[in-house]
Amino acid sequence: MAGISIRKNDFVVVKAGKEKGKKGKVLKVLRDKDKVVVEKVNFIKRHQRPTSAQRQGGIIEREGPVHLSNVMLWCEKCGKGVRVRRQRLDDGKVVRLCAGCGESFD
Ligand SMILES: [Zn+2]
């Protein structure tokens, strides 16, 4: 369950698959599917039906979901995708820290 700590607006890097090495911002977390949608990663073509608002229809490209196991949080300080550890603060709040350098992501 390593990937579950990824949230919307986090910056992640793709660790596997054809998009390996790409970095981007998390636009959406699909918790029930264990997937995330990352900005400018995994573009897929979709056929769009003509509608009254947009008569033409045709093919549009948009980001497709990537499985959580294929992405890691990007740590600017470490310069790579990193594991996350959690730390409970004195006030009870749990923050996510880089397992490499200890930088906080929250
Ligand atoms: Zn780090």
If you place +1 on the Cβ of every Lys and Arg, -1 on the Cβ of every Asp and Glu, and leave all else neutral, what size is the dipole of the chain about its Cα centre, to the nearest 20 Debye? 360 debye
Given charges at Cβ of Lys, Arg, Asp, Glu: the chain dipole, positive-most of N70, V26, V82: N70
Between V94 and F43, what is the label-point separation in nm under the 7 Å Cα-to-beta-carbon projection? 3.8 nm
Region 78-92 versus region 26-70: alpha-carbon centroid distance in Å: 30 Å
Length-normalised contact order for the chain - Cα pairs under 8 Å, 6+ apart - percent: 22 percent
Charge tally in the Cβ shell below 9 Å around K45, where Lys, Arg are +1 and Asp, Glu are -1, K45 excluded: +1
Could you name the aspartates and glutamates whose alpha carbon sits less than 20 Å from that of K8, not counting residues in the same chain fewer than 8 places away? E19, D32, D34, E39, E63, E76, E103, D106
Set of lysines near K77 by C-alpha distance (under 19 Å), chain-local residues within fewer than 8 positions excluded: K15, K22, K23, K25
For region 34-79, state which trypsin sites (Lys or Arg not before Pro) are in a DSSP loop and have at most 10 other beta carbons lying within 10 Å of their beta carbon. R55
What would the Debye equation give as log₁₀ I(q)/I(0) for region 26-100 at q = 0.15, 0.16 Å⁻¹, counting only Cα atoms as equal point scatterers? -0.71, -0.77
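FYI, it's all coordinate maths here, none of it is from the lab. Since we're looking at a predicted model, the values are computed, not measured. In this analysis, Cβ positions are derived from the backbone assuming ideal geometry, glycine residues included, and neighbour counts consider all displayed protein chains.
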